[in-house]
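**Q** Input: one structure, supplied below.
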Amino acid sequence: MAETAVSFVFPKFLEAVKMLRDLPKEVAEVTDESESFQDFIHDANKIAEAEEDNNRRDRMRKRLMRLRKTAFLMEDIIDDYVICDEKQPEEDPSQEDPRCAVLLCEAVEFIKTQILRLQIAYRIQTVKSLARAERDGFENHFPIGSRSDDSRGNENFTWHKLRMAPLFNKQDEVVGFEKPIETLKKWLTQGRKERTVISVVGMAGLGKTTLSKHVFDKVDKHFECHAVITVSRPYDVERLLRDIMKELCQERNEHPAQDVETMNRMSLIKEVRKRLSNKRYVVLFDDVWNETFWDDIELALIDDKNGSRILITTRDEKVVEFCKQALFFEVYKLQPLSKAKSLELLCKKAFGYAFVGRCPKDYKEVGLDIVRKCECLPLAIVAIGSILYRKCKSPYDWRMFSQNLSSELQSNYELQSVTKILSLSYDDLQQNLRSCLLYFGMYPEDYEVNCGRLIRQWIAEGFVKHENGRNLEEVAQQYLMELISRSLVLVSSFTTDGRAKACRVHDLVHEMVRRKIKNTGFCEYIDEHNHLESSGNIRRLTIATSSNGLSGSMEESQHVRSILIFTNEVSSKDFTSALLAKYMRLKVLDFEFTPLYDVPENLGCLIHLKYLSFRETCIRSLPKSIGKLQNLETLDVRTHMVIEVPKEITKLRKLRHLWGSPISSTSLKYSVGSMKSLEKMNELRIDRNGEVIREIGKLKQLRDLRVVGFRRGHAETLCSSLNEMPLLERLHISSSEYVRFSGDFSSSLRKVTVVKLLDRREIDFHITSSLSKLRKLHLYAVLKEFPNWILRLQSLVKLSLVESKLTNIPLKSLGNMPNLLFLCFDSRCYEGETLHFENGGFQKLKELELKGLEQLRSIFIERRALQYLEKLHIKTVPRLKTVPSGIQHLQRLQVLHILYMPREFLHRINPDGGEEHWMIKHVPYVHFGRTYRKKRCAFYLY
């Protein structure tokens, strides 16, 4: 009987063993298939959007949802394999080959240990078959590869119509371009004799084509040959050269060579050069996308050093960078119109010949509201103005139109053309970059998102792919810069060294993104206007409404992978617990700025979680179950209070970013060194005996370390630990601790912070490591002397010293540091009476802060010091009665902040008769605050 059972089971057993051995290869194949499947869905979606027959379009969309559901299943299998593979115990090399198991009990026992992997193997076979069936099913009903010539022709005609229309704008419709017109005319007609490439760059809809064609027509008489070429996407180089030649021939009423259609590239280049030889020419290439464009056409555009010009418009800054290979070039970055000019353009289009140069009073307020919603984008303003001209004849009509502008963008054909032009940039992206851009649809309109937060969420979502020699943050940063260079993402603020700190998308790009994600399953945005209508195919959720109104409508969806919460009303522990129970496969969970007071114990069920943020919530501790989140990479607990974390957190071996404000080290001081993957940790409160510092020294991957509660007795241990951190980029050491008092979350005063200096004894830092990657250093401690090792930090861009009580700071040596951009002397950091900035010093410094220097009486700036300084802050310097000598030499100074200064100082620089005001009158922005005694002084902005 047993032999019969074995003979029956054994073939199945061998089949199972083979599937298990082939599983890694199968997972790799399904991963590749998933990426190509996403590209197929994108192409299919483009066909559906272009379909004019409503019934056919609806059928296509239903098929698309089936395709997307299959794509979700493929991604789920990959995720499950990663989890399962990590749980798999290491094979014992002494163990007998499972294929040699002859007893039924041995076979069964082996299968039991591998059951999860075997289930995944069978699921892969199923989903691969399903993917083939769904792809073939769509192709059979709606062929992608064999679209009719008519549909292709209509699409191309629509695209060319959108591109060509601005080339034929009337000159009297050009508004708000006075300065760029003057600049471009000068570049085109004056200056050097050598051939020059002039690039006009900016986001879609800014009016690059309108501006360039307007200037092109204005300078006509300065050139012998002219050509305007619309560059298609993608383009054929030979076709491009033929277009140039035909334009040149048509201008002179000549016929091109008879064999022009059969000429190869080199022959065409020779023909174009021959027709341009010894002639001063201007060529406008409109809407260039390919960054290698200049390589393709440079040889044809001969340089006879007679003042010829090439004018290029593009959305992509990479095209501009490539054009800089030309020996002579100019770049004009086009900005949105001012509100006044935007309103003028709107009224000119809306009132037509009835416009008398000024917006009627009854229309002004609503007109400004419309241009604000368009963010002063000329493309949208012109389209809206045309609609208002035909349909809206009263202020009431304008108000109703403005209130319904979002729905108008979706339904009105003319306004749809605006989003279609923006969509061209989206369609030109690779799949992973398309996902990164769509992620902005998870955020509210006009939301400025921290770049670090966004990048870490992209990584958790799996959008960012590994590249040799680069970590994921660096690759993701490159993705972000790619979107910025294509003018799809706008930078809201910059770091000291010029990196993007916060970013956002234009309202119309946001609208375009929302249209793209609608009915695709990419995400669902739930607010008071949009309710959750789960089809079971939602991948991500944004909750921007009360939890009370949401809890009843939430349905469990196995496909949801991310939840972002933007509401002040998700405070119920029961709701949060239910949320976690319903969406157990989450990768991203973000509670930032929500009034959450407690974290439920079932947090540990989210074993797929990679990104978890409780930033600016009201929690005080984390549950022990957090130790089960073995895939967690980012944990942000920067809250209103010192956060208590359980020792179980040290089980998180993949955790790379740990943030708190600060984090208590009580439960971590003997085990934090086991978290070998940690790259960023702040702020960690040091225990009184400094035990945790020894543990920190084991973290060789740290790039960002911030510790508080530092004492004199910790110095030697900390310096020893820092010497073991070759990758460190940011270091913050503080002898202070923060005592925070929080009020009600909804009150206007959310928290009060008191800073307490724990150790007022002098501390001596001796660091022997070069810390060659260190870029930012903040020392908040009483120092025995200025640490000379700081002067060796060749990569340092930001230095802050607080409470140092130094009587001597080597300003001359500091001034020679090659990359220093930001310098702050704060709160009794310097106890001398004079600061002297010598000639040639601080040649890269952009920002200088002098605050709380109670003994300082004078500042001297020699003529060639601080030559690139842009911002100067002087605050609470009670003995400084006169303006810094030499401040008038700082010609690049843009911002001067003066706060809590003596009355004598303020009177000297008062614009109404102050004897030293002449020294700062060249500064565009000057802010006067209060006097040192906190009596109000005048506020000036000029």
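**Q** Mean residue ellipticity at 222 nm from the helices of the chain, using -39,500 (n - 2.57) per DSSP H segment of n ≥ 4 over the full residue count, to the nearest 500 deg cm²/dmol? Present the calculation step by step, with values, prior to reporting the outcome.
**A** Values: 27 runs with 351 residues, N = 942.
Mean residue ellipticity at 222 nm (helix-derived): -12000 deg cm²/dmol.
**Q** Convert each backbone phi in the stretch 875-884 into a coupling constant with the Karplus relation 6.51 cos²θ - 1.76 cosθ + 1.60 (shift: θ = phi - 60°), then list the ³J(HN,Hα) values in order as whole Hz, x for Gly and Pro.
**A** 9, 6, 10, x, 9, 8, 9, 10, 5, x
**Q** Among 182-188, 682-688, how do they line up from the highest to the lowest mean number of other beta-carbon atoms within 10 Å? Intermediate values should be presented prior to the final figure.
**A** Numbers: 182-188: 16.9, 682-688: 20.0.
Averaged packing, sorted descending, gives the order 682-688, 182-188.
**Q** Give me, ordered by chain and number, the residues 5 or more places off S661 or on other chains with an amide H under 5 Å from its own placed amide H.
**A** For S661, whose amide H was placed from the backbone, the distant partners under 5 Å are T639, I643, E683.
**Q** Also, I was wondering about something else. Mean separation of Cα pairs under 8 Å and 6+ residues apart, divided by the residue count of the stretch 339-419: what relative contact order is that in percent? Kindly include the intermediate steps, with their values, before the conclusion.
**A** Working: 76 pairs, mean separation 26.9, N = 81.
Relative contact order for the stretch 339-419 comes out at 33 percent.
**Q** Here's another thing I want to ask about it. What order do you get for 615-624, 347-356 when each peptide is scored by the mean count of other beta carbon atoms within 10 Å, highest first? Don't skip to the answer; put the middle values down first.
**A** On the way: 615-624: 18.0, 347-356: 15.6.
Ranking, from highest mean packing down: 615-624, 347-356.
**Q** Something else about it: Sorting check: for 16-29, 576-589, 198-211, 294-307, which peptide has the highest mean count of neighbouring beta carbons within 10 Å, and how do the rest follow? Before the final figure, lay out the partial values.
**A** Numbers: 16-29: 15.0, 576-589: 19.6, 198-211: 24.1, 294-307: 17.0.
Descending mean neighbour count gives 198-211, 576-589, 294-307, 16-29.
**Q** With θ set to phi - 60°, apply the Karplus curve 6.51 cos²θ - 1.76 cosθ + 1.60 along the stretch 727-735 and write out the HN-Hα couplings as whole Hz, x wherever there is a Gly or Pro.
**A** Rounded to whole hertz, the list is 9, 4, 10, 9, 9, 10, 10, 10, 7.
**Q** While we're here: Given contacts defined as C-alpha pairs under 8 Å and at least six residues apart, what's the relative contact order of the chain, whole-number percent?
**A** Values: 1760 pairs, mean separation 44.8, N = 942.
Relative CO of the chain lands at 5 percent.
**Q** Using amide H atoms built 1.01 Å from N in the peptide plane, name the residues 5+ places from V923, or on other chains, whose amide H lies under 5 Å from its own.
**A** none
**Q** Rank the residues I767, I83 as a footprinting-exposure proxy: fewest other Cβ atoms within 10 Å of their Cβ go first. Walk me through the numbers before you get to the answer.
**A** Details: I767 19, I83 15.
In order of increasing Cβ crowding within 10 Å: I83, I767.
**Q** A further question follows. Which aspartates and glutamates, on any chain, are close to K364 with Cα under 17 Å apart, when same-chain ones fewer than 8 places away are left out?
**A** E344, E375, D397
**Q** Excluding G886 itself, what net charge comes from residues whose Cβ is under 11 Å from its Cβ, given Lys and Arg +1 and Asp and Glu -1? Working shown, then result.
**A** On the way: positive: R863, R864; negative: E838, E862.
Local charge sum for G886: 0.
**Q** Can you compute the label reach from S129? Point 7 Å from Cα along the Cβ direction, backbone N cut-off under 20 Å, restricted to the stretch 50-89.
**A** Counting only backbone N, you get 66-78.
**Q** If you don't mind, there's one more thing I want to ask. Can you tell me the relative contact order of the stretch 432-506? Whole percent, Cα pairs under 8 Å, sequence separation 6 or more. Spell out each step's value before the answer.
**A** Numbers: 79 pairs, mean separation 25.8, N = 75.
Reported relative contact order: 34 percent.
**Q** Another one. Evaluate E = 1/(1 + (r/R0)^6) for R760 and K784, where r is the Cβ-Cβ distance and R0 equals 22 Å; express this FRET efficiency to the nearest 0.05. It would help to have the intermediate numbers written out before the result.
**A** Numbers: r = 13 Å, r/R0 = 0.58.
According to the calculation, E is roughly 0.95.
**Q** Hey, another quick one. Determine the dipole magnitude for the chain: charges of +1 sit on the beta-carbon of Lys and Arg, -1 on that of Asp and Glu, nothing else is charged, the reference point is the Cα centre, and the result goes in debye to the nearest 20. Display every interim value, and only then the final one.
**A** Values: 147 positive and 130 negative charges, 686 e Å.
With Lys and Arg at +1 and Asp and Glu at -1, about 3300 debye.
**Q** Which ³J(HN,Hα) values in Hz, rounded to whole numbers, follow from the phi angles of the stretch 596-612 under the Karplus curve 6.51 cos²θ - 1.76 cosθ + 1.60, where θ = phi - 60° and Gly and Pro get x?
**A** 8, 9, 9, 10, x, 5, 6, 4, x, 6, 8, 5, 8, 4, 10, 10, 9
**Q** Name the residue from Y900, L872, M919 whose Cα lies farthest towards the positive end of the charge dipole of the stretch 823-942, charges +1 on Cβ of Lys and Arg and -1 on Cβ of Asp and Glu.
**A** Y900
**Q** While we're on this one: Near K881, which lysines are there with a Cα under 29 Å away, not counting those fewer than 8 places off in the same chain?
**A** Reachable lysines: K798, K805, K812, K844, K846, K851, K871, K921, K934, K935.
**Q** Between D217 and Y389, what FRET efficiency comes out of the Förster formula 1/(1 + (r/R0)^6) with R0 = 30 Å and r the beta carbon distance, rounded to 0.05?
**A** Numbers: r = 25 Å, r/R0 = 0.83.
The value I calculate is 0.75.
**Q** For a quick check: with amide H placed at 1.01 Å from N, whose amide H comes under 5 Å from V228's, ignoring anything fewer than 5 positions away on the same chain?
**A** Under 5 Å from the amide H of V228 lie the amide H atoms of L284, each far enough along the sequence or on another chain.
No lab work stands behind these numbers, since they all come straight from the coordinates. The structure presented is a predicted model; accordingly, all values stated were derived computationally and were not measured. We place every Cβ from the backbone using ideal geometry, glycine too, and count neighbours over all the protein chains shown.
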